[in-house]
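Only one structure is covered here, and it is reproduced in the block below.
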Amino acid sequence: MNKTKRFVIAGGGISGLTLAIALQRKGLQVTVYEQATPLKPLGAALVLAGNAIKAFSEIGIDSKVVSAGKVLKKLTIKDQSGKILSETDAEDVSRKYGVINNFAIHRADLHETLLSYLPADVVQLGKTCVDFKQSAEGVTIRFQDGTTTEADYVIACDGVHSIFRKKLVSNREPRYAGYTCWRAVIDNIPPSVQLDETSESWGPGKRFGIVPLANNRLYWFACINARRNDPEMKAYKIPDLLSSFYSFHAPVSEILQHTSNEQLIWGDIIDLKPLDRFAFHNIVLMGDAAHATTPNMGQGACMAIEDAAVLANCLSSNEEPIKAFQNFETLRLARTRKIVSGSWRLGKIAQVEDPILMWLRNAAVRATPPGVMEKQMKFLYDVSFQ
Ligand SMILES: Cc1cc2nc3c(=O)[nH]c(=O)nc-3n(C[C@H](O)[C@H](O)[C@H](O)COP(=O)(O)OP(=O)(O)OC[C@H]3O[C@@H](n4cnc5c(N)ncnc54)[C@H](O)[C@@H]3O)c2cc1C
């Protein structure tokens with residue numbers, strides 16, 4: 001491992017910050033350039049599965065992360081009337097796989113925890129990368145403020161709209177999943193909310209998710225089938241969501257009534273059709289820049305955190321970073337492809353609108369033997385970081 005070289009991370013989101021910690025712990029020189037000022041996490045909250053907690057543990061920061069969030073006991077899928085279609089005992093899964101799963105955390109709390117591991121000068125804020133020039137010797141990055149920086153190696157963690165990916169991989173624009181999403185975190189939780197479970201309730205072409213957080217807060221999300229960038233959806237306020245979800249079981253309406261319009265975060269759900277390459281000589285793509293996924297399996301951030309643990313190990317076991325980047329690509333392509341494709345399919349199933357298809361889907365989910373779910377969990381949790 002070459003400790004005299006300069007590694008630049010573009011983007012200070014979950015992948016950029018986790019990677020910065022992992023590389024610092026391997027003794028590498030690293031600087032993160034982040035466009036935001038101040039650094040604000042995008043979105044509301046996250047549910048992290050056991051593979052993410054395993055990756056945090058591989059880096060050595062799991063206990064502090066876990067203490068900033070909430071471990072939930074059950075994971076339930078319901079129909080719109082509240083009838084249970086599938087129920088997973090998360091504590092049982094934890095015992096079986098030896099790792100915490102179904103862990104919920106506010107994005108701001110995760111960011112704060114990650115930042116607490118980094119010296120202040122590692123993350124440079126207000127630095128928007130607008131272009132780069134790559135040569136055999138290194139990479140020159142140009143920022144919006146007119147300045148430039150030189151790096152020996154660059155890890156692009158700049159999200160689904162990555163400027164690095166756009167230049168390195170042509171014809172790969174994010175694809176729209178067909179549904180749009182509202183999210184919010186509230187701190188006045190209606191008393192009827194069950195505080196030990198995450199749940200998702202499926203109605204016709206729409207669903208509603210409920211995730212209790214630490215410190216008496218609640219995260220919810222609502223997805224509705226819609227045209228891309230639909231101005232009507234963009235203008236939706238709480239009364240519109242209340243009428244869209246009026247037929248859903250309690251406490252969906254109560255949760256919406258406890259949310260203000262100002263707390264709503266809206267966005268279309270997009271992902272990236274799986275790429276064939278992440279490594280481009282002295283630049284490598286990571287996190288959403290490499291494999292943005294729909295949120296249906298709750299795996300986007302989990303994969304980004306796994307990436308950080310794997311890339312740090314590749315760099316510490318390879319003297320030559322370009323080889324390490326190739327090694328990272330080999331280790332990550334198939335797994336991330338499988339998750340992105342699985343999550344895309346799950347979204348199509350969850351957002352079904354036709355009543356007959358919904359009935360068939362609900363019957364199939366209810367009849368799914370526990371072994372099928374278990375196989376999927378085994379795939380997610382049996383992650384290797386080498
Ligand atoms: C509705 C929704 C719910 C989700 N729920 C979950 C969940 O429960 N569990 C889960 O695991 N995942 C979830 N995800 C996915 C998760 O949010 C992403 O996978 C994760 O945030 C990816 O992290 P990242 O750091 O790669 O990218 P990002 O979070 O997009 O971070 C990129 C960073 O780069 C910065 N940046 C961008 N461009 C530039 C530039 N040109 N120059 C400098 N900086 C730049 C940005 O400001 C940002 O800080 C969800 C996603 C959505 C949309």
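Cα centroid separation, the range 136-190 to the range 69-130: 21 Å. Coupling constants for the range 249-255 follow from the phi torsions by the Karplus curve (6.51 cos²θ - 1.76 cosθ + 1.60, θ = phi - 60°), and in residue order they are 5, 5, x, 4, 4, 4, 5 Hz; glycine and proline get x. Which shape class, rounded, prolate or oblate, goes with the range 47-191 when its Cα gyration tensor gives a ≥ b ≥ c as root eigenvalues, a/c under 1.5 marks rounded, and past that a/b bigger than b/c marks prolate? Taking the square roots of the gyration eigenvalues as a ≥ b ≥ c, the range 47-191 is prolate.
Return a whole-number percent for the relative contact order of the range 1-72, with Cα pairs under 8 Å and 6 or more residues apart as the contact set.
Once normalised by length, the contact order is 28 percent.
Assuming charge only on the beta carbon of Lys and Arg (+1) and of Asp and Glu (-1), the dipole of the range 290-383 about its Cα centre is about 380 debye to the nearest 20.
Modelled spin labels at HIS281 and ALA214, positioned 7 Å past Cα toward Cβ, are 4.4 nm from each other.
Which of rounded, prolate or oblate describes the range 38-95 when judged by the alpha-carbon gyration tensor and an a/c cut-off of 1.5? Verdict is oblate for the range 38-95. Inverting the pair-averaged 1/r between distinct Cα atoms of the range 139-284 gives 18.2 Å as its Kirkwood hydrodynamic radius. Taking 37 °C and 0.692 mPa s as conditions, the range 112-157 diffuses translationally at an estimated 271 µm²/s according to Stokes-Einstein applied to its Kirkwood radius (Cα pairs). Note: relative contact order over the chain, using C-alpha pairs below 8 Å and six or more positions apart, is 22 percent. Across q = 0.23, 0.26 Å⁻¹, the range 114-191 modelled as identical point scatterers on its alpha-carbon atoms has Debye log10 I(q)/I(0) values of -1.17, -1.30, in the order of the q list.
The gain in end-to-end length when the GLN263 to ALA108 segment is fully stretched comes to 54.3 nm, 0.36 nm per residue minus the alpha carbon separation. Take every pair of alpha-carbon atoms less than 8 Å apart whose residues are at least six positions apart; their mean separation over the length of the range 130-239 yields a relative contact order of 19 percent. Here the chain has 52 percent of its accessible surface on carbon and sulfur atoms, given a 1.4 Å probe and all protein chains in place. 3J(HN,Hα) couplings calculated from phi for the range 370-383 with the Karplus curve 6.51 cos²θ - 1.76 cosθ + 1.60 (θ = phi - 60°) are, in sequence order, x, x, 5, 4, 4, 4, 5, 5, 4, 4, 5, 7, 7, 8 Hz; Gly and Pro show x. Computed log10 I(q)/I(0) for the chain at 0.06, 0.07, 0.09 Å⁻¹: -0.23, -0.31, -0.52, from the Debye equation with unit scatterers placed on every C-alpha and solvent omitted.
Please report the net charge: other residues with Cβ closer than 10 Å to the Cβ of TYR153, K and R +1, D and E -1. Around TYR153, the surrounding residues sum to +1. Using the Cβ-Cβ distance between ARG95 and ALA334 with R0 set to 25 Å, the FRET efficiency works out to roughly 0.30.
For the range 199-314, the equivalent ellipsoid derived from the Cα gyration tensor has semi-axes of 34, 17, 12 Å, listed largest first.
Couplings 3J(HN,Hα) of the range 47-54, computed from phi: 10, 10, 8, x, 5, 5, 5, 4 Hz, in residue order, whole Hz [Karplus 6.51 cos²θ - 1.76 cosθ + 1.60, θ = phi - 60°; x for Gly and Pro]. Summing Cβ point charges (Lys, Arg +1; Asp, Glu -1) relative to the Cα centre of the range 106-230 gives a dipole of roughly 720 debye. Heavy-atom accessible surface of the range 268-386, averaged per residue, reaches 43 Å², computed with a 1.4 Å probe.
In the context of the full protein assembly, SER170 retains an accessible surface of approximately 90 Å², using a probe radius of 1.4 Å and ignoring ligands and nucleic acids. Nearest-5 percent of antiparallel DSSP beta bridges in the chain? Within the chain, antiparallel bridges account for around 70 percent of the total.
Any idea what the dipole of the chain comes to, in debye rounded to 20, about its Cα centre with Lys/Arg Cβ at +1 and Asp/Glu Cβ at -1?
660
Taken along its principal axes, the alpha carbon cloud of the range 306-379 reaches lengths of 58, 24, 15 Å, longest axis first.
The values are calculated or read from the model by the stated rules, or taken from the named source; none is laboratory data. Keep in mind that what you see is a predicted model, and the values were worked out from it rather than measured. Cβ: placed from backbone, ideal geometry, glycine included. Neighbour counts: every protein chain shown. For accessibility, only protein heavy atoms count, side chains too; no ligands or nucleic acids. Shrake-Rupley method; radii C 1.70, N 1.55, O 1.52, S 1.80 Å.
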